[in-house]
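The values are calculated or read from the model by the stated rules, or taken from the named source; none is laboratory data. Not measured: the values here are computed from a predicted model. Note that each Cβ is placed from the backbone with ideal geometry, even for glycine, and that neighbours are counted across all protein chains shown.
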Number of protein chains: 2
Amino acid sequence: MNYPPKFPVQWLLFMVMVLSILLIGISAGRTDIPRLSPTRGVIIEHPDFLSSAIVSDDLQTFYYPQTLDHFNYQPQSYATFQQRYVMNSKYWGGAKKSAPVLAYLGAEGPLDEDLTLIGFLNDNAVRFNALLVYIEHRYYGKSIPFGSREEAFKNASTLGYFNSAQAIADYAEIIMHIKNKLRAFYSPVIVVGGSYGGMLASWLRLKYPHVALGALASSAPILYFDKITPRGAYFSVVTKDFREASESCYQTIRNSWSVIDRIASQPNGLSTLSMIFKTCKPLKSSSELKNELENMYAVVAQYDSPPWYPVTVVCGGIDGANEKQNILDKIFAGVVAYKGNRSCYINPPTNESETYVKWRWQTCSEMVIPIGIGKRTMFQPEPFNLNNFIQECKSLYGVPPRPHWVTSYYGGHDIKLILHRFGSNIIFSNGLRDPYSRGGVLENISESILAVHTVNGSHCLDILPEMESDPEWLVKQRETEVKIIKGWMAQYYADLKAIQIKP
Amino acid sequence: MNYPPKFPVQWLLFMVMVLSILLIGISAGRTDIPRLSPTRGVIIEHPDFLSSAIVSDDLQTFYYPQTLDHFNYQPQSYATFQQRYVMNSKYWGGAKKSAPVLAYLGAEGPLDEDLTLIGFLNDNAVRFNALLVYIEHRYYGKSIPFGSREEAFKNASTLGYFNSAQAIADYAEIIMHIKNKLRAFYSPVIVVGGSYGGMLASWLRLKYPHVALGALASSAPILYFDKITPRGAYFSVVTKDFREASESCYQTIRNSWSVIDRIASQPNGLSTLSMIFKTCKPLKSSSELKNELENMYAVVAQYDSPPWYPVTVVCGGIDGANEKQNILDKIFAGVVAYKGNRSCYINPPTNESETYVKWRWQTCSEMVIPIGIGKRTMFQPEPFNLNNFIQECKSLYGVPPRPHWVTSYYGGHDIKLILHRFGSNIIFSNGLRDPYSRGGVLENISESILAVHTVNGSHCLDILPEMESDPEWLVKQRETEVKIIKGWMAQYYADLKAIQIKP
């Protein structure tokens, strides 16, 4: 492993985009914390990764005329849009054998990237003789209602249909459509998703047990709603990750904020900070800088994965700086270690990305994940203020969020009490270095609603492509998941036989 | 038991209304088969019933500002309407003890009548120390959106929100609201419903296990969708009920249709039929007469309950007629035996009742229950024609039904395979004389998804008030249900203790 890693240019560009996404947001509500997404380019350009994650030639793309509103019977509800899904049937054992289906549920982005990134499907197609299916989430990529992006994103009237209940119903309809089309009525379906998509996978299994036999919900923070999970949990884990990587790095970061504040309060302080951090544009406020740093620390913690372990990369920069250097020079060295050598940093010119804009609607309607920063972290405290959040969303879209809807519709409170004797066949997988893991299910709920986590894992790591360099704990986590799913299938086939249904 | 029973005047009036409802309908789709409703006045005026079913003084009425559209975030989705619910807390053990809640989910009618008719709540309040809650279904009774009945029923644009998924979400929200208001966070809730309301109860438990611990779904034909249940099953059971009551009665009815057709085809035949059946208005077609007779047989079979057993009443009339009488005179004697002495029969002047009009929308949008009449019944065959049904609904409302939506959203196909290892705590109760029972769950699905049925029971009989005259099998059925529910609660309280949640 090269250390510090040499980052290729494309990767840098990608990270620039990613980080710029993070900077624009509704600060009061902290919707600027890292989005829920399986990958953030952290490993996307690694050679091992590239060799293992190749877009298959066997992918076929389809479009399904999807109902705009499943839960209303107004004339406009019957409008349809073309929803994209992709299939790979090369390894499928066929309908006669009721061979299984692995169905990846798209999250908050276009499907394209997922076709390579979601290794769990490619890597397991042969093991399961499975049909692979990937379905794009409504309003993302090529699955846009109302004929055009402009129309679809015009205002709350066209955005109103853009929510998780409708998306899960879409997935259910497409899976049933595929099974009917292939006459694979008794093929068991395992839905797979990561992050927001992982929530969707677990909820689909809970709401539509007749559609999916089981779900692999990777890094799905289904408990990060209402007050189920302490609001400060996310940044506590970011802090823990850094402290475990390096006590001195943690201390340096922890001490840096007041230094930034002090300099910012001086005459020409913002210019000084702009110079220290080689910003692309003069800083308009110290929070511009602080937010970007916060977000960088959060992203690297969330995706602190092998083979690079970006937390270690950042801390390598900070700790490796000359002892006599100023504290902010050390911080800057961390930025450079992570971002590589560039002409400028922090606030490069950028547009709001499509995904960012769309996910903002989702967080401003129902996906209200109340992350704040509490005391005893390496950050300055910044509590989540629900009222401010609601006001900001209202001013953006004209309609307020429904912050309790997720727990009303999907549950979450006292999950063990509720699901201990209800439901089955869900794996909640997590890596404990992922700050979102604290909003995940980390304890077995029943014999078949299971928590599979790794101490050193990061966000969605288990569903990314297998690589030669994977550490043993990761290999084992994936093996455990496959074994559990094989067990569900074996039981299903036995039930099918016992109930004497002939496919 | 008086035989033939003397029917009081009010009851006659009620039956006139009821039967007139049944006559108006979309004949091709057989939406004129008896509605799904717990009672049809068949026992409502019985003295035993009246003494046991008294509206409690302890009922309190509330209105909840309910969200118009739970599954959309358009500005108009946020509109609210006042949804009525009623509580009786006289017998409740209180929040500190986490004493249970029995929640009746309103079906396709105003709530008022249910407050007396749903004996299961009143009769069990003391046994469970339960809080009683009754919630009205949106668009019925006093729970009308859009400010007025006229506005709400104007067209598909205002009717679009009138569907089961929205109704179940309403119930979930109100139950959570009540629990929060009373700080009864850990009180187990058992939802109870009959017929369509029984379907809602079972679906609420399946979709919102965090809201209801269990469901008693009485006479809920959740499998009478798509082609899960043979379309002719309903009228096969009607036939069986009559044949079991009296072979000669069955034969007389069976032979009557061709006689009606023969007479109708003669010159002045319709006048002759109008005279024989003392119709209130001259018949316009023979099917007017045949439909009403069909519906009468269906209603009495569906509600063939003690102490009167209306099938026996009708057959008493038919079989009791003079042997030498014409076959149609015998049939008419059956009508008179059932309806009592009146100045005219068959087609009294009437308006489409509110409930009829509303339920028609529900059948024309999602509740497509494909009942037809097959061969080997005592009726003339009349297959269900889905295309005709769709066309008629389209011409009524401008939008077509979604006939597969119920099984897409709630499931139903291969229910044992699907729910054997998923979900828990549902009682599907049925009386096998009820023709809808054939679309019900008649077999245990798992250890706690149970079928409790009686050979001689009728539609929703188990949830009606206990009466002195109840036969032993009915008393036992109710005892079984109470015992099962007590078992769920005992397990729940044990789990609560084990998980160490302190209410």
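Of note, A:T229 satisfies the criterion of being in contact with a helix residue (DSSP H, G or I) (Cβ under 6 Å, 6 or more places away or on another chain), farther than 19 Å from A:I427 by Cα and of a type in the set (S, T, N, Q). In segment A:181-195, the residues that are closer than 14 Å to A:S219 by Cα reach residues that are surrounded by 24 or more Cβ atoms within 10 Å (Cβ to Cβ) and β-branched (V, I, T) with C-beta atoms within less than 6 angstrom, at least six apart or across chains, in these pairs: A:G194/A:I463. Among the residues of segment B:246-290, those that are of a type in the set (K, R) and either closer than 21 Å to B:N341 by Cβ or outside any helix (DSSP H, G or I) (or both) comprise B:K278, B:K281, B:K284. Taken over segment B:213-227, the criterion of being over 25 Å from B:V191 (Cα atoms) and touching a Gly at 6+ places or on another chain (Cβ under 9 Å) is satisfied by B:D226 alone. Remark: pairs (first residue in segment B:56-75, away from every other protein chain (no Cβ under 14 Å) and farther than 19 Å from B:G141 by Cα; second residue surrounded by 20 or more Cβ atoms within 10 Å (Cβ to Cβ) and polar (S, T, N, Q); Cβ separation under 8 Å; 6+ apart in sequence or on different chains) = B:S56/B:N88; B:S56/B:N122; B:D58/B:N88. Residues of segment A:291-307 include none that is surrounded by fewer than 19 Cβ atoms within 10 Å (Cβ to Cβ), of a type outside the set (D, E, K, R) and part of a helix (DSSP H, G or I).
Table: residues versus (1) small (G, A, S); (2) farther than 19 Å from A:L206 by Cα; (3) facing chain B (nearest Cβ under 10 Å); (4) touching a strand residue (DSSP E or B) at 6+ places or on another chain (Cβ under 6 Å).
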residue: A:F146; (1), (2), (3), (4): no, yes, no, no
residue: A:A165; (1), (2), (3), (4): yes, no, yes, no
residue: A:D170; (1), (2), (3), (4): no, no, no, yes
residue: A:S187; (1), (2), (3), (4): yes, no, no, yes
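Residue-level analysis places B:K278 outside the set of residues that are of a type in the set (K, R) and out of contact with any Cys (no Cβ under 7 Å at 6 or more places or on another chain).
Number of residues in segment B:163-208 that are more than 24 Å from the chain's Cα centre (by Cα), assigned to a loop (DSSP other than H, G, I, E, B) and among the polar types (S, T, N, Q): the value is 1. Whether a residue is at pLDDT 95 or above and away from chain B (no Cβ under 12 Å) was assessed, and A:L206 does not pass this test.
Taking first residues from segment A:345-358 that are in a loop (DSSP other than H, G, I, E, B) and partners that are basic (K, R), the Cβ contacts under 9 Å between residues at least 6 apart in sequence or on separate chains come to A:I346/A:K278; A:I346/A:K281; A:N347/A:K281; A:N347/A:K284; A:P348/A:K281; A:P348/A:R342; A:P349/A:K281; A:E352/A:R360. Sort out which residues of segment A:390-408 are within 28 Å of A:A217 (Cα to Cα), more than 7 Å from chain B (Cβ to nearest Cβ) and not charged (D, E, K, R), and write them in order of number. Correct list: A:P401, A:P403, A:H404, A:W405, A:V406, A:T407. As for segment A:222-239, it holds at least one residue that is assigned to a helix (DSSP H, G or I) and aromatic (F, W, Y). Confirm whether B:L216 is of a type in the set (A, V, I, L, M, F, W, C), within 14 Å of chain A (Cβ to nearest Cβ) and under 24 Å from the mean Cα position of the chain (by Cα). In short, no. Scanning segment A:267-285 for residues that are within 24 Å of A:M378 (Cβ to Cβ) and touching a Ser or Thr at 6+ places or on another chain (Cβ under 9 Å), which turns out surrounded by the most Cβ atoms within 10 Å (Cβ to Cβ)? So, considering only residues that are within 24 Å of A:M378 (Cβ to Cβ) and touching a Ser or Thr at 6+ places or on another chain (Cβ under 9 Å), the one surrounded by the most Cβ atoms within 10 Å (Cβ to Cβ) is A:L273. Within segment A:374-404, the set of residues being among the aliphatic types (A, V, I, L, M) and closer than 30 Å to A:T252 by Cα comprises A:M378 only. If you go through segment A:447-470 and keep only what is out of contact with any strand residue (DSSP E or B) (no Cβ under 9 Å at 6 or more places or on another chain) and away from chain B (no Cβ under 12 Å), you end up with A:P465, A:E466, A:M467, A:E468, A:S469, A:D470. B:V357 meets all of the listed conditions (1) within 14 Å of B:E108 (Cβ to Cβ); (2) at pLDDT 95 or above but one, namely (2). Is one or more of the residues making up segment A:250-269 closer than 29 Å to A:I369 by Cα and within 14 Å of chain B (Cβ to nearest Cβ)? Checked segment A:250-269: no residue is closer than 29 Å to A:I369 by Cα and within 14 Å of chain B (Cβ to nearest Cβ).
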